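Every number here is computed from the coordinates shown, using simple stated rules; none is lab data. As the structure is a prediction and not an experimental result, all values here were calculated from the model. A quick note on method: Cβ atoms are made from the backbone with ideal geometry, for glycine too, and the neighbour counts reach across all protein chains shown.
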């Protein structure tokens, strides 16, 4: 090897790294976590069942899992399809096919997830001061990774989708006949929505749009306040990225369990 | 309580060299640089090491301790197990002059390429006024002590020597951000310079630069990503592009 850390003139050390700590644990956990989540989400998205909790027999509750929101397929159960149905009911078309690709792309182009999967899946680099296995590197300067620059558009779309999730959570407090109540499911869905908003608002693009692009904060005091708030959230972006993956699974699994009749939802309806 | 520590230290230059083993006394409260100095004093008087302040402020004693880019003067011996063999090497992204001393002139070449601060032409010298909230972001970047540990750990140049031509590295992205965010810098081409000349797009934001910074500058979150977003404003955002056409402004974002 005559390139990388053994390029001419550099220290004649052949080891890939001299690190003695367990630097490989973090990328390994990332691979396990992301793979498990994608597997679960893929199975659930194509399952096309147990997404509307009223299926469990309790007609009072109205819990829709975020993986099926908005439910716009002709196959959607009537109560779940609040936004109309116009997609054909085919096994390979998810019931929320209008939004899921954008949510995936929002996370795929997210600055935190980029760090996570570049390190763990692409090994570029596996960890700091650990030689990467690739012979050539052009980063995000060429197609297709040049597309990472579209992150802010997926942020705009994700914010709109969060509004839909918020409406779903709101409806979880209202029964079919219009009466108000609260159930474990409505609390789970609301907590999930709050976390989704926190993750979306903590996005680096949001921080830039809010005020990061300004040079003179003193001329834009409101935007400065907004930028300061988003900057604080942004400091927790990594934690929120993982917490929302967990909260999405918890919310979805809860709705599935109630819809399938595995558990009974405790509520005041 | 003192003890004898096992050390492996790189001896040699860029042509030939390797790790040599030593046993050396360690006293309570010492840092790795103290041990290197004791090696010089007792066993290897010709061991080359660059150092100056011993207080983590001059950025001279950058090296790698157990494979991690660190300042030798800020790495406490108490963080290691007494039975552990501690490996000290020069920074592996730069050519070695001798032993632990590297040639970091790559960084000075990149520094010279950045256009200097351009004072506003419509304000007389002495009349410059700035508010604290307008300069606080730039001030974070002024904490840089130019130890070049961020440059050393950045895989873009560490693992790819050929990228040194087109990639400036994290230390100079914070310089670009410092100037672009400066309320009195008159240049409006910092973003296009960062993209075209500094190779900002090659950074894949894996945050190693932030991880090793001894001044705890949030290089990635506060400089590189904001600069990437500013480049998106000028190069990839059609909404901004249409807005500028409607307002008849040049596409390169000026100061707002």
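Estimated from helices alone, the mean residue ellipticity of chain B at 222 nm is -8500 deg cm²/dmol (sum of -39500 (n - 2.57) over DSSP H runs with n ≥ 4, per residue). Relative to the longest principal axis of the Cα atoms of chain B, the long axis of helix B:225-235 lies at roughly 30 degrees.
Let me know the whole percent of all Cα-Cα pairs from the protein assembly as shown that are separated by more than 34 Å. Pairs farther apart than 34 Å: 49 percent.
Sorted largest first, the principal axis extents computed over the alpha-carbon atoms of chain B equal 72, 39, 29 Å.
Relative protection proxy for B:96-109, A:64-77, from highest mean packing down: A:64-77, B:96-109 (other beta-carbon atoms within 10 angstrom). Per-residue ellipticity at 222 nm from helix content only, as computed over chain A with -39500 (n - 2.57) for each DSSP H run of at least four residues, stands at -15000 deg cm²/dmol.
When chain B is treated as a GNM with alpha-carbon contacts under 10 Å, the residue of B:127, B:159, B:237 showing the greatest mean-square fluctuation is B:127. The mean sequence separation of alpha-carbon pairs under 8 Å and at least six residues apart, normalised by the residue count of the range B:3-102, gives a relative contact order of 34 percent. Who wins for biggest fluctuation among A:236, A:136, A:225 in a Gaussian network model of chain A, springs between alpha carbons below 10 Å? So, out of A:236, A:136, A:225, the one fluctuating most is A:136. Classify the range A:132-269 from the C-alpha gyration tensor, please: rounded if a/c falls under 1.5, else prolate or oblate depending on whether a/b exceeds b/c. Since a/c reaches 1.5 but b/c is at least a/b, the shape of the range A:132-269 is classed as oblate. With all pairs of different C-alpha atoms in the average, the Kirkwood value for the hydrodynamic radius of the range A:43-136 is 15.8 Å. Other protein chain C-beta atoms within 10 Å of residue C-beta, averaged over A:132-144: 5. Distance between the modelled labels on residue A:136 and residue B:192, one decimal in nanometres: 2.8 nm (7 Å Cα→Cβ projection).
So what is the relative contact order of the range A:1-156, in percent, for Cα pairs below 8 Å that sit 6 or more residues apart? 22 percent.
A Gaussian network model of chain A, with springs between Cα atoms under 10 Å, assigns the largest mean-square fluctuation among A:139, A:212, A:226 to A:139.
The fewest-to-most ranking of B:244, A:219, A:135 by surrounding Cβ atoms within 10 Å reads A:135, A:219, B:244. The mean number of Cβ atoms from other chains found within 10 Å of a Cβ in peptide A:207-214 is 5, as a whole number. Counting Cβ atoms of other protein chains within 10 Å of each residue's Cβ and taking the mean over peptide B:221-230 gives 5. Ranked by the mean number of other Cβ atoms within 10 Å per residue, highest first, peptides B:209-218, A:86-95 order as B:209-218, A:86-95. For chain B, the longest principal axis of the C-alpha atoms and the axis of helix B:170-180 are separated by about 30°. Ellipsoid fit via the Cα gyration tensor, chain A: semi-axes of 41, 23, 17 Å, each the root of five times an eigenvalue, largest first.
Against chain A, whose longest principal axis comes from its Cα atoms, helix A:221-234 is set at around 80 degrees.
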